[in-house]
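Here is the structure we will look at, set down as structure tokens.
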Amino acid sequence: MAKRLGSTLILLLVVVFIFSGLVLAATPEFSAEMIQTDAKGKVTKGKIYVQGIEKIRHEISDGDTVSVTILRLDKKLSWTLMPEQQYMEINYPYDPNQPNLDIEYKMETLGNETINGYASEIIQYTYKDRKYGILVQWFSKELGFAVKTQTKDAKGKVTSTVEYQNIVEGKQPDELFEIPSGYTKFSVIPKLPFSF
């Protein structure tokens with residue numbers, strides 16, 4: 001469980017970095033298959049659903065288990081759906097749609113490439129604070145979203161790659177981006193049967 005939450009949090013950080021340096025040219029709305037490869041070559045598959053630039057849902061498969069994370073940039077929150085109809089909520093201290101002024105980076109365009117049928121501009125963000133490493137995006141203006149993203153360490157070694165395949169553009173159901181009915185917020189402090 002902790003390992004799965006760790007992977008989910010890493011993916012969320014990648015998404016935050018994606019949005020922290022971009023002004024999107026279009027309003028994306030699509031679903032796609034998501035292929036995530038880590039530094040050791042382990043592949044994790046899932047689905048992504050995007051509604052505008054503020055609502056993103058990831059469903060990551062791990063054997064028979066599907067981990068669901070809903071990123072609500074409009075509320076500066078993310079929700080991770082957990083077993084037993086619970087969800088965990090994480091706050092964002094800044095608007096991920098705007099550059100995080102605490103993290104300086106140098107942006108450069110490396111060229112163009114077509115990825116999964118989408119003409120993409122390859123943009124590299126090199127963070128001044130070396131612990132954040134390097135982020136490379138294959139950004140499609142047509143889709144309004146990066147169809148491929150790579151993170152690298154400060155030495156340029158690829159630490160993860162996320163790519164979207166079989167992209168289906170179109171309206172996504174609103175309920176995908178809400179906490180399902182009957183779910184309660186997870187708390188590490190148990191509720192006591194009495195009060196003081």
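General remarks:
- Vicinal HN-Hα couplings computed from phi for the range 151-168 (Karplus, 6.51 cos²θ - 1.76 cosθ + 1.60; Hz; Gly/Pro x): 10, 10, 7, 4, 8, x, 7, 5, 9, 6, 9, 10, 10, 9, 10, 6, 6, 10
- Net charge contributed by nearby residues that have their C-beta within less than 14 Å of Glu89 (K/R +1, D/E -1): +3
- Residues of type aspartates and glutamates that Lys148 reaches as a straight line, Cα spacing below 15 Å, ignoring anything fewer than 8 places off in the same chain: Glu33, Asp38, Glu113, Glu121, Glu163
- The modelled label-to-label distance between Leu77 and Thr114, using points 7 Å beyond Cα along the C-beta direction, is 4.3 nm.
- Separation of the Asp153 and Glu121 label points, Cα + 7 Å toward Cβ, nm: 3.1
- Within-13-Å neighbourhood charge of Gln150 [Cβ basis; K, R +1; D, E -1]: -1
- Within the shell of other residues whose beta carbon sits under 9 angstrom from the beta carbon of Gln172, the net charge comes to +1, with Lys and Arg scored +1 and Asp and Glu -1.
- Extension gain from Glu178 to Lys128, taking 0.36 nm per residue of separation minus the Cα-Cα distance: 14.4 nm
We did not get these values from a lab; they are worked out from the coordinates using the rules stated. All of these numbers come straight from a predicted model, not from anything done at the bench. Backbone-built Cβ (ideal geometry, glycine too); neighbour counts: all protein chains shown.
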